[in-house]
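The values are calculated or read from the model by the stated rules, or taken from the named source; none is laboratory data. As the structure is a prediction and not an experimental result, all values here were calculated from the model. Neighbour counts are summed over all protein chains in view; Cβ atoms, including those assigned to glycine, are modelled from backbone coordinates with ideal geometry. These accessible areas exclude ligands, DNA and RNA; they are computed on the full protein's heavy atoms, side chains included. Shrake-Rupley method; radii C 1.70, N 1.55, O 1.52, S 1.80 Å.
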Amino acid sequence: MHEYLGGANLVPKDTPHPITNETLPLVLGHEFSGIVEEVGEEVQAFNAGDRVCVQPTIYDGECLSCRRGLVNCCDKNGFIGLSGWGGGMSEHIVVPQHSVKKLPDNVSLEVGALVEPLAVGWHAVSISPYKPGDQVLVLGGGPIGLAVVQVLKAKGCDNIIVSEISPRRKQYAKEFGAHHVIDPSKDDAVAEVKRQTNGEGVDIAFDAAGVQDGVDTAMLALKARGMLVNIAVWEKRATLNMNHLVFRERAYMGIACFALGDFEQVIEAISTGKGLHRTWN
Ligand SMILES: [Zn+2]
């Protein structure tokens with residue numbers, strides 16, 4: 001049984017990417033911003049001099065997912081800066097008009113380059129069942145885990161627990177707004193989550209780590225009918241104790257990068273200060 005997954009061939013080593021037809025070596029850089037130098041004849045929405053960031057999603061626009069508007073789930077998905085078409089590490093790049101998003105005057109190019117990872121966190125929280133009052137566990141305090149923390153803060157979440165082992169990332173997690181940071185290499189992570197939630201467990205867990213121990217922890221740290229939201233791209237196949245799902249009616253869902261509209265919402269949230277502002281502006 002085979003299904004083409006961008007995650008498995010996002011950086012095409014031997015087989016060319018089905019849309020870009022490129023293989024390594026490629027110019028990297030999928031989180032970037034810049035200034036428009038020139039526009040195509042048919043382009044009206046942009047002018048030379050505009051400050052912009054790039055939504056790097058590559059999609060065919062034809063498959064069923066694309067026709068449903070789910071371009072991030074395209075059968076041939078790829079990324080500018082990972083799958084071809086150049087990347088943010090180059091001085092100049094040509095990208096399709098639909099990939100370009102204008103930055104408001106009060107959003108710098110430096111912050112513009114961070115819209116991409118923030119959009120991953122934004123999308124994850126948006127399509128998860130998160131609702132005000134929920135208590136949340138975030139596995140992993142890397143860039144995406146921190147983006148999830150920022151978005152949860154923006155949405156008013158008042159109990160964010162981050163699980164992370166790196167001292168530096170634990171510190172960042174606190175600075176970015178986590179209410180509690182636990183270290184699974186030292187603490188009994190499930191017991192710690194229970195302790196920080198009045199013995200209840202969390203409503204939602206976001207996995208931005210992609211390791212077996214994290215899934216095992218999250219599953220047991222979720223209350224009945226809790227949702228484990230997987231953002232991580234996995235290097236190895238994981239195992240699940242299915243009865244941990246069954247007997248607590250827990251659920252497990254996947255997140256693929258970001259959808260149409262997420263970039264615009266993140267840029268607006270940064271620009272207006274409705275969340276995401278304390279760190280990013
Ligand atoms: Zn498609």
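Points worth noting:
- Computed from label points 7 Å out along Cα-Cβ, the spacing between Phe46 and Asp60 is 2.5 nm.
- Across region 144-156, computed HN-Hα scalar couplings (Karplus, 6.51 cos²θ - 1.76 cosθ + 1.60, θ = phi - 60°) run 6, x, 5, 5, 4, 4, 4, 5, 4, 4, 4, 8, x Hz from first to last residue, x flagging Gly and Pro.
- Residues Leu109 and Arg237, FRET efficiency given R0 of 41 Å [Cβ-Cβ distance, rounded to 0.05]: 0.55
- Here the Karplus relation 6.51 cos²θ - 1.76 cosθ + 1.60, evaluated at θ = phi - 60°, turns the backbone of region 121-138 into coupling constants of x, 4, 5, 4, 5, 4, 9, 6, x, 3, 9, x, x, 6, 9, 10, 10, 10 Hz, with x for every Gly and Pro.
- Pairs from Lys155/Lys223; Lys174/Lys274; Lys131/Lys155 whose Cα-Cα separation, in the structure shown, is over 18 Å: Lys155/Lys223; Lys174/Lys274
- Carbon-plus-sulfur accessible fraction, the chain (probe radius 1.4 Å, protein heavy atoms only): 51%.
- All-pairs alpha carbon distance profile, the chain, 10 Å steps from 0, percent: 7, 27, 33, 23, 9, 1, 0
- Across the options Leu26, Ala147, Leu245, the greatest Cα extent toward the positive end of the charge dipole of the chain (unit charges at beta carbon of Lys, Arg, Asp, Glu) belongs to Leu245.
- Nonlocal amide H pairs with Val181, under 5 Å, H built at 1.01 Å: Val162
- Alpha carbon centroid spacing (whole Å) that separates region 67-110 from region 8-45: 7
- Ordering of 250-259, 115-124 by packing [mean C-beta count within 10 Å, highest first]: 115-124, 250-259
- GluC sites (Glu not before Pro) restricted to region 193-281 and DSSP loop, no more than 10 other C-beta within 10 Å: Glu235, Glu249
- Computed from the C-beta positions of Asn21 and Ala251, the FRET efficiency with R₀ = 30 Å rounds to 0.20.
- In order through region 55-62: 3J(HN,Hα) via Karplus (6.51 cos²θ - 1.76 cosθ + 1.60), integer Hz, x for Gly, Pro: 7, x, 4, 9, 8, 8, x, 10
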